[in-house]
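Okay, so here's the structure we're looking at.
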Amino acid sequence: PRVLTNDVCCGLTWITTGQLDGARRRLRAGLDVLTPLSDANVPVVGLEPSCTTVWRDDALRLLSDDPRVRRVARNMHTVAEMLEAANWTPPSLAGHTVVAQPHCHHASILGCGP
């Protein structure tokens, strides 16, 4: 894995406060960094579900005129999706009580499958 050192922001703060022009600026700057990775088939893993959702959903609407956004959206993955693709098997939790609350963006957009 490689951690990006460039400032890549999904613009969620701007989206949630109605500052859509600011969000578009942040997203376009992020596309400058993420597009070369997507074009090279380097999977991008979003660690925060809200940000991952912006790249897969909101960005498609906010930047519908930019062909790069579709390539990046298709290449944006959750950690769980990457682990599933690698055939990782989680340890057994038999005998343990587990309470889990999915992130609201998993429940509404990303899904909770993986």
Within region 81-114, considering residues that are open to solvent by less than 60 Å² (accessible area, probe 1.4 Å) and modelled with pLDDT under 90, the one farthest from residue 49 (Cα to Cα): 111
Which listed residue is more than 25 Å from residue 114 (Cα to Cα) and open to solvent by less than 60 Å² (accessible area, probe 1.4 Å), from 31, 12: 31
First in region 76-89 and of a type in the set (Gly, Ala, Ser), second anywhere and at pLDDT below 95, Cβ under 6 Å, 6 or more apart: 80/114
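Yes/no per residue for (1) among the aromatic types (Phe, Trp, Tyr); (2) over 13 Å from the mean Cα position of the chain (by Cα); (3) closer than 21 Å to residue 29 by Cβ:
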{"residue": "54", "(1), (2), (3)": "no, no, yes"}
{"residue": "64", "(1), (2), (3)": "no, yes, yes"}
{"residue": "67", "(1), (2), (3)": "no, yes, yes"}
{"residue": "71", "(1), (2), (3)": "no, no, yes"}
{"residue": "85", "(1), (2), (3)": "no, yes, no"}
Odd one out for residue 60, checked against (1) surrounded by fewer than 18 Cβ atoms within 10 Å (Cβ to Cβ); (2) more than 17 Å from residue 109 (Cβ to Cβ): (2)
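The values are calculated or read from the model by the stated rules, or taken from the named source; none is laboratory data. Because the structure is a prediction, the values reported are computed rather than measured. Backbone-built Cβ (ideal geometry, glycine too); neighbour counts: all protein chains shown. Keep in mind that these areas ignore ligands, DNA and RNA; they rest on the heavy atoms of the full protein, side chains included. Shrake-Rupley method; radii C 1.70, N 1.55, O 1.52, S 1.80 Å.
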